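The structure under discussion appears below in the form of structure tokens.
The values are calculated or read from the model by the stated rules, or taken from the named source; none is laboratory data. Because the structure is a prediction, the values reported are computed rather than measured. Every residue, glycine as well, gets a Cβ built from its backbone with ideal geometry; the counts of neighbours run over all protein chains shown.
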Amino acid sequence: MGLQVFYEKYAESSVAQVDSKKVMAIARHFLKPPVLDVGCFFGDKTKELSKWLEADGCDISRNAIKGAAKKYGGLVFFACDFEKPGLRLPKRYNSIFAAEVIEHMLEPGAFLKNCFASLNSGGILLLTTPNVACLMNRLRLLAGDPSGLGGIGHVSFFNPKSIAREAEKAGFEILLVEGYNVGSSSQKAMRRTLRRVFQALSILRPVGFSEGTILVAKKP
């Protein structure tokens, strides 16, 4: 099955985008219009972003774009493969928002280079991605169970340091690297307890435990 076919079928699923108040709070602080929501799926985050700035949405799935346009008719949506070499958009943006997208890329470096090329000078890239080294994954590996390390369609894996390194390779200046969590209340309670222990022992930074990483970077 080709990637295009896979994501057309993926768009038929009930997979939801990450829901994190922290991510959107950071977006409010850093993003400036116009912003492009890359990997917009059915446009829910595009709509949320459009409440305070001009926002367009794009996705590799034409089925998703049709659904987004039907659901939010007043916004601009278009199909686009952000992994395509030498991608050129009709216009450049001052911000790109890419929540849980880069882990689906076979060539994440090409994705980041296209983000760089699609931004105006001084433009902001805000992306989120699962943290392969999160607390729950560390515990799974200690227990000898690697089955939960990936997700549907995930082909590239990052921790906070590696995603920042990849963005720097693409030419970005790193402004912020933060963690976020969206797990169950029991998982959150466990993470808080262990995080306090490790903080007290000064062994690991808390961001290394988070389920996901928030990266904010700037095009010079």
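Worth pointing out:
- Screening 125, 135 for residues that are modelled with pLDDT under 95 and in contact with a Phe, Trp or Tyr (Cβ under 9 Å, 6 or more places away or on another chain) leaves exactly one candidate, 135.
- Some residue of the range 81-96 being under 23 Å from residue 48 (Cα atoms) and among the basic types (Lys, Arg): yes
- Pick from the range 44-54, criterion more than 16 Å from the chain's Cα centre (by Cα) and in contact (Cβ under 8 Å) with a residue 12 or more places away in the chain, ranking: surrounded by the fewest Cβ atoms within 10 Å (Cβ to Cβ): 52
- Boolean, residue 220 is surrounded by fewer than 16 Cβ atoms within 10 Å (Cβ to Cβ) and at pLDDT 75 or above: yes
- Complete set of residues in the range 32-43 that are buried (at least 23 other Cβ atoms within 10 Å of the Cβ) and in a loop (DSSP other than H, G, I, E, B): 39, 40, 41, 42, 43
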